[in-house]
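Structure, as structure tokens:
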Amino acid sequence: MELAKTVFWGSKPAKIQSIAIIVAVIILSFVPAVGNSYAPLFLAWILTYATMSVAWNFFSGKTGYISLASAAFYGIGMYLQAFLGKALALPVTVIIAAIVAFAAAFAVGIITLRLRGVYFAIFTFGLALFLNKFVHWYEVTYVFTKGRMVFKYDNSTILYAVLIVFVIFLAFIILANKSKFGLALDCIGQNEDSAQHIGINTTMIKVLAFAVSAAPVGAVGAIMSTSLGYVDPDIAFRMLVSFMPVLMAIFGGQHNTFGPILGAVVFFSLQDYLLRTTSLYMLIFGGVMIVTLLVMPKGVFGAIESIIASSRRGSGGEVTLNV
């Protein structure tokens with residue numbers, strides 16, 4: 001209890017962050033009661049990307065190993081739901097998807113996380129492409145069709161399911177960040193050779209972190225497939241799913257758990273609006289990202305923290321942006 005209290009409420013920024021998350025969760029709990037039937041699904045997609053962004057940041061943000069494998073684990077969850085969804089309840093398939101994604105990431109990590117630098121990013125990028133082509137080949141060759149129907153659930157059920165996964169994983173991340181495991185990841189990110197010299201099994205720590213970050217991605221993939229009613233390799237293993245969590249984490253701010261969540265909220269809301277209003281959404285999307293990186297290299301959340309810190313140091317109420 002004391003550990004949890006220290007982690008969640010140990011400092012003023014931590015208090016503000018925790019209160020914001022709790023308030024957001026309470027608000028989301030009442031959204032299905034709103035008359036707009038699209039609202040629950042809209043928020044479920046935001047929470048899905050928030051979960052994937054936080055998961056990506058937990059591994060890549062800490063260690064510096066850039067993973068582009070989100071689409072692979074997300075697609076695994078989608079296809080498991082397609083295979084098992086008619087026979088098993090949603091909570092069961094979500095748990096299975098998380099376990100399978102964890103196991104798959106663990107196996108991949110054992111093979112690849114001895115590599116450093118760009119090699120790991122290239123391998124994870126190719127993993128999603130490989131699964132896309134392999135599943136496509138298998139279905140066309142042996143099933144004689146492309147894609148599978150998925151048992152659908154109502155939007156409120158989908159929102160609550162994603163919300164549960166998000167809250168559980170976020171609580172785990174906040175606690176893990178202050179644990180020996182989280183500190184070991186920080187050491188690896190700062191200087192992996194030094195971490196090895198002080199006795200940290202860097203390879204195993206990286207593999208476990210990579211596997212842990214994959215589990216919620218597989219879980220939300222299983223859930224969100226039920227909103228579509230149909231999946232095929234191009235839907236399940238879209239490379240955009242690998243890049244969006246990275247962009248959201250960078251946009252929101254990688255140094256703080258709340259940053260990727262903020263990035264997911266802003267980015268998905270912007271994407272949804274632009275898709276409905278203009279055909280140039282990708283151009284505008286890219287422009288927003290470039291401007292953000294130039295003006296706020298620490299992300300939106302980092303810029304907010306810098307403004308608050310500067311206002312406290314400044315005299316006469318003067319506020320300067322120092323990012």
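What follows is calculated from the coordinates using simple rules that are stated; it is not laboratory data. In this text, all values refer to a predicted model and were calculated from it rather than measured experimentally. Neighbour counts are summed over all protein chains in view; Cβ atoms, including those assigned to glycine, are modelled from backbone coordinates with ideal geometry.
Take the Cα of ARG276, step 7 Å along the line toward its Cβ, and report every residue of the range 45-61 whose backbone nitrogen sits under 15 Å from that point.
45-46
Full-extension gain between PHE144 and SER156, please, as 0.36 nm times their residue separation minus the C-alpha to C-alpha distance.
The PHE144-SER156 span can extend by a further 0.9 nm.
Spin-label point model (7 Å from Cα, Cβ direction): what's the ILE284 to TYR230 distance in nm?
Those two pseudo-labels are separated by 2.9 nm.
Multiply the residue gap between SER310 and HIS136 by 0.36 nm, knock off their C-alpha separation, and tell me the result in nm, one decimal place.
Here the segment from SER310 to HIS136 would lengthen by 57.3 nm.
Roughly how many whole Å is it from the C-alpha centroid of the range 180-232 to that of the range 269-291?
30 Å
Looking at the range 95-143, which trypsin sites (Lys or Arg not before Pro) are in a loop (DSSP not H, G, I, E or B) and have at most 14 other Cβ atoms within 10 Å?
ARG114, ARG116
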